[in-house]
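K.L.:
Provided herewith is a single structure, encoded as structure tokens, for subsequent inquiry.
The values are calculated or read from the model by the stated rules, or taken from the named source; none is laboratory data. Keep in mind that this is a model prediction, so the values were computed, not measured. Cβ coordinates were reconstructed from backbone atoms using ideal geometry, including for glycine residues, and neighbour counts include every protein chain displayed.
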There are 2 protein chains.
Amino acid sequence: MGTASGAEPMSFLDKIAACAAFDVAAYLPFVVDGRPVGLVRPEFAAHLASFGRVFQVAPDHVYLDPELAGVEERTRAVDEVLHQLAESGMLPGWRGEVYPVAGQLEAPPLFFMERAAIPRFGIWASGVHVNGFVRDGDEIAMWVGRRSPDKQTAPNKLDQIVAGGRSAGYSVRETVIKESEEEASIGPTLALQARPTGAITYQTERDGGLRRDVLYVFDLELPTDFEPRNTDGEIAHFELWPIARVTETVRDTDEFKFNCSLVVIDFLIRHGLISPDEEPDYLALVQGLRVC
Amino acid sequence: MGTASGAEPMSFLDKIAACAAFDVAAYLPFVVDGRPVGLVRPEFAAHLASFGRVFQVAPDHVYLDPELAGVEERTRAVDEVLHQLAESGMLPGWRGEVYPVAGQLEAPPLFFMERAAIPRFGIWASGVHVNGFVRDGDEIAMWVGRRSPDKQTAPNKLDQIVAGGRSAGYSVRETVIKESEEEASIGPTLALQARPTGAITYQTERDGGLRRDVLYVFDLELPTDFEPRNTDGEIAHFELWPIARVTETVRDTDEFKFNCSLVVIDFLIRHGLISPDEEPDYLALVQGLRVC
């Protein structure tokens, strides 16, 4: 195997390191109703300071005006500010999807926030990633998607057959069913066969802020005659790769989108395709896939 | 399902909590060759203080005499002390097996130490646990072992079909092969089919000190006509249980040995038998199985 662009040999651990710890001291806690729910960069906090009816910026934290008491009131007030930031170009990539904001993931939401703003406020979010694979005897082949050149995040990178953020109001399973249909034309009957296998967590500086994600990981063994078709324009095309090619591509290149690499590494570990006696970084990989 | 002895309902998360964090301030670092390799209780350090040629006890740490420079010299000197502690009843449960001691697991060992002393010095150790299961269509049944009433640790508790500590000089795979034969009469050909699926880590106060373990977890799908037989007297008998009974027993009772519960929970998560939409503690379970 060659290495990317003749540089240092790459490794699985590089891919974990690419989603690694950040300097928490470089952020201000974002506090809602007395609870820390996120982390904001001081530069972004300076923009928020112009909206004093909604955001109050103290030297050591940013908080939502306590007068904004209910879920609806907070949601509406924050949304108005975010729209103004978007109009003035300070919040690119508006999605028109909202995510819940809470003291901790899966807790009752304090309000709802436009997806594009989630990393700016360092809010924990969740998504689903599905490993679509085919067995041929003992051999495994995996479907990989090439992301569309028009995607606003990670254009042209490799992706799982199905992956997507979990918007407010959708259960984990509903998100799998919805994304399976949109991204790969996998109908609900087949999507229901996707098996939850755990979760990956990371915190990493990206997308103009801090991505703090829980990825719920599913395995979906597909019939050999199934062929995914993208319907929402997010994937340019799909290919079925022998697992050895997937392994080498994740280890030796940066072709996979940063978080999709972690999902592949987790798959390889769970399926015994990375083994403790042969991989010196085994424990670091296992632990690196789940940070607090 | 009833709950154990009419007390509070039990949960999967209780089993994680039973292997949970300890008060590091209640221990003194154990330092060898300038590297912290373990944690020692002050009461035990007081016993070590009588062996000043080997152990030196400072107010805030315990260290091996730096004059003991090589692996062999350290091993021999520590072993002499441990034998004396064992003879005077202060180190019960001598095993006659040595474990490597290093700055971190899998690093070159600084010396080797009798297994019974490992928790007393809070040294990280590793072991293997094998989930032995049988498929009948979509249904899974799991072999469980009832530990012998004569076992020095956790007599009569439930265990995996194969589990054991990894002594110095054995690879992870060699440990699986050795323990499979001794504990369940699983020959090497079948044992080689056991698939590594990850690792569980915990630190917990037990066995007169601190257990700091990495459990390398394997799945072994067994032929339906295979029946395990114990040959080393460690398991009283084996039973094949429907996975629902295993699930309920882990969740609702303390029948499984403390760390075997974690291995079952990890199996249930990986096989989709605990799911994120139905288990409110899902993320806490996933993260609790791998502590740093």
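K.L.:
Among the candidates A:45, A:77, A:26, single out the residue that is loosely packed, with under 15 Cβ neighbours inside 10 Å and of a type outside the set (Asp, Glu).
P.N.:
Only one candidate qualifies: A:26.
K.L.:
Here is a further query. Which condition number does residue B:132 fail, the rest of (1) assigned by TED's automatic domain parsing to the domain that holds residue B:67; (2) crowded, with 20+ Cβ neighbours inside 10 Å being met?
P.N.:
Status for residue B:132: all satisfied but (1).
K.L.:
Just wondering, is there one or more residues in the stretch B:193-208 that are out of contact with any Asp or Glu (no Cβ under 7 Å at 6 or more places or on another chain), buried (at least 23 other Cβ atoms within 10 Å of the Cβ) and more than 9 Å from chain A (Cβ to nearest Cβ)?
P.N.:
No: zero hits.
K.L.:
Working carefully through the options B:249, B:231, find the one that is part of a loop (DSSP other than H, G, I, E, B), of a type in the set (Val, Ile, Thr), out of contact with any Phe, Trp or Tyr (no Cβ under 6 Å at 6 or more places or on another chain) and surrounded by fewer than 19 Cβ atoms within 10 Å (Cβ to Cβ).
P.N.:
Step by step, each of B:249, B:231 is checked, and only B:231 is part of a loop (DSSP other than H, G, I, E, B), of a type in the set (Val, Ile, Thr), out of contact with any Phe, Trp or Tyr (no Cβ under 6 Å at 6 or more places or on another chain) and surrounded by fewer than 19 Cβ atoms within 10 Å (Cβ to Cβ).
K.L.:
So residue A:240 ticks every box in (1) more than 14 Å from chain B (Cβ to nearest Cβ); (2) in contact with a Ser or Thr (Cβ under 9 Å, 6 or more places away or on another chain); (3) among the aliphatic types (A, V, I, L, M) but one. Which box is left unticked?
P.N.:
(2)
K.L.:
How many residues, within the stretch A:212-227, are surrounded by fewer than 22 Cβ atoms within 10 Å (Cβ to Cβ) and more than 14 Å from chain B (Cβ to nearest Cβ)?
P.N.:
So the count comes out to 5.
K.L.:
Would you mind finding the one in A:177, A:200 that is hydrophobic (A, V, I, L, M, F, W, C) and over 29 Å from residue A:40 (Cα atoms)?
P.N.:
That would be A:177, the only listed residue that is hydrophobic (A, V, I, L, M, F, W, C) and over 29 Å from residue A:40 (Cα atoms).
K.L.:
Name the single residue, out of those in the stretch B:180-216 being at pLDDT 95 or above and part of a loop (DSSP other than H, G, I, E, B), that is farthest from residue B:15 (Cα to Cα).
P.N.:
Looking at residues that are at pLDDT 95 or above and part of a loop (DSSP other than H, G, I, E, B), I get B:187.
K.L.:
Something else: Condition first: within 30 Å of residue B:286 (Cβ to Cβ), part of a helix (DSSP H, G or I) and under 21 Å from the mean Cα position of the chain (by Cα). Can you find one or more residues in the stretch B:24-35 that meet it?
P.N.:
yes
K.L.:
Every residue in the stretch B:182-220 that is under 20 Å from residue B:232 (Cα atoms) and in contact with a strand residue (DSSP E or B) (Cβ under 9 Å, 6 or more places away or on another chain), please.
P.N.:
Within the stretch B:182-220, B:182, B:183, B:184, B:186, B:190, B:191 qualify.
K.L.:
For residue B:115, are the conditions met, namely being in contact (Cβ under 8 Å) with a residue 40 or more places away in the chain and surrounded by fewer than 20 Cβ atoms within 10 Å (Cβ to Cβ)?
P.N.:
Criteria met by residue B:115.
K.L.:
Check residue A:190 against each of (1) touching a helix residue (DSSP H, G or I) at 6+ places or on another chain (Cβ under 9 Å); (2) under 20 Å from residue A:256 (Cβ atoms) and name the one condition it does not meet.
P.N.:
Against the list (1) touching a helix residue (DSSP H, G or I) at 6+ places or on another chain (Cβ under 9 Å); (2) under 20 Å from residue A:256 (Cβ atoms), residue A:190 comes up short only on (2).
K.L.:
Among residues belonging to the stretch B:256-273 that are outside any helix (DSSP H, G or I) and more than 8 Å from chain A (Cβ to nearest Cβ), point out the one that is surrounded by the most Cβ atoms within 10 Å (Cβ to Cβ).
P.N.:
B:256
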